[in-house]
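Encoded as structure tokens, the structure appears first; notes follow it.
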Amino acid sequence: MDPDLVDGVRRFNRTVTQRIGALDDAFLARSRPLGEARVLWEIGAGRDVRALRERLDLDSGYLSRLLRGLERDGLVRVEPSAADGRVRTARLTEAGQAERAALDRLSDDAAAALLAPLSGGQRTRLVTAMAEVERLLTASAVAVAPCPPGHPHARFCLHAYFEELARRFDEGFDPGRSSSAADAEMTPPAGVLLVATLHGEPVGCGALKFHGGAPAEAKRMWVAPSARGLGLGRRLLAELEAHAAAEGVRTVRLETNRALAEAIGLYRAAGYREVAPFNDEHYAHHWFEKQLPRPRTLA
């Protein structure tokens with residue numbers, strides 16, 4: 001990694017943590033640090049502890065200590081879920097709701113104070129830059145990894161993929177009329193299914209089917225609407241290509257429907273060229289392939 005880039009990130013982190021008060025023992029002068037205040041705000045109307053931990057990317061032990069502190073202050077109540085006694089749910093007490101409302105007001109005041117010394121143009125530039133930083137930080141928080149097709153995250157993504165195709169295709173979508181990508185075909189060594197997660201929630205997928213020495217097929221490319229604009233489609237495609245190359249595959253093929261204009265644009269931008277049909281996929285209007293670079297060898 002470029003040392004100048006790393007230094008830039010560290011410098012930015014130091015500036016932000018100081019400017020927003022993350023170093024203070026009493027965040028926004030409310031007698032508790034930023035960590036407790038953020039947990040209080042995230043609980044809102046109630047949240048399962050496991051979901052809260054994944055949302056904030058916190059160690060379970062550290063989150064437990066934060067929750068115990070909020071419980072001692074009478075702001076939070078942690079109890080078994082009514083739906084499943086094995087699941088713990090955190091809820092705000094009446095005092096906790098009042099404290100959260102106070103934090104909202106003070107946070108608005110702090111944001112206004114940060115903007116106040118700037119000119120109108122500078123304020124716009126800062127908020128625009130913040131939005132871009134937020135988008136890129138969110139993109140960096142996405143994890144992509146192989147996943148068994150039967151896993152709940154995989155089932156969620158595949159079901160959402162089928163539902164979206166059914167909405168967008170002129171004639172709907174019936175998986176039974178499409179070329180197969182059964183669970184066994186997306187399981188090593190026959191293939192691989194990648195699932196992207198953000199804060200523990202599935203937000204995208206992509207699969208490969210291997211055919212020995214023949215070209216591999218990319219299938220089931222999908223990104224959740226909430227994660228679009230993060231470059232995740234391109235990342236999933238690149239990860240699939242890396243898996244293909246690791247298996248000695250030299251060519252990746254895929255097909256798509258004319259209704260998926262953004263997918264067509266993605267494939268072309270990623271170096272795929274349109275070719276003659278190589279299968280009889282019922283829903284396809286465009287067929288693409290890409291030659292993968294040869295592995296580098298030491299001289």
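The values are calculated or read from the model by the stated rules, or taken from the named source; none is laboratory data. Since the structure is predicted, the reported quantities are computational estimates derived from the model, not experimental observations. Glycine gets a Cβ as well: all are built from the backbone with ideal geometry, and neighbour counts include every protein chain shown. The accessibility values were calculated without ligands, DNA or RNA, using every heavy atom of the protein model including side chains. Shrake-Rupley method; radii C 1.70, N 1.55, O 1.52, S 1.80 Å.
For this structure, a couple of remarks:
- Looking at region 164-193, the GluC sites (Glu not before Pro) that sit in a DSSP loop and have at most 15 other Cβ atoms within 10 Å of their own Cβ are GLU171.
- Rg/Rg_ref, region 173-299, where Rg_ref = 2.2 N^0.38 Å and atoms are Cα: 1.05
- Surface accessible to a 1.4 Å probe, per residue, for the residues of region 15-106, Å²: 60 Å²
- Label separation (ARG88 vs ASP109): 3.3 nm, computed from points 7 Å beyond Cα along the C-beta direction.
- Dipole magnitude (debye, nearest 20) for region 186-276, charges at Cβ of Lys, Arg, Asp, Glu: 180 debye
- Solvent-accessible surface of region 144-196, averaged per residue with a 1.4 angstrom probe and all protein chains in place: 52 square angstrom.
- Stretchable slack from GLU247 to LEU5, in nm (0.36 nm times residue separation minus alpha-carbon distance): 83.9 nm
- Cβ-isolated cysteines (cut-off 4.7 Å), the chain: CYS147
- Net charge of Cβ neighbours under 15 Å - reference GLY150; Lys, Arg +1; Asp, Glu -1: 0
- About the Cα centre, charge dipole magnitude for the chain (Lys/Arg +1, Asp/Glu -1 at Cβ), debye: 520 debye
- Percent carbon-and-sulfur accessible area, the chain, ignoring ligands, DNA and RNA, probe 1.4 Å: 54 percent
- Rounded if a/c under 1.5, otherwise prolate or oblate - region 67-155, Cα gyration tensor axes: oblate
- Whole-number accessible area per residue in Å² for region 209-299, which is evaluated in the context of all protein chains at 1.4 Å: 54 Å²
- Judged by the mean number of other Cβ atoms found within 10 Å, the most tightly packed of the peptides 122-133, 282-293 leads the ranking 282-293, 122-133.
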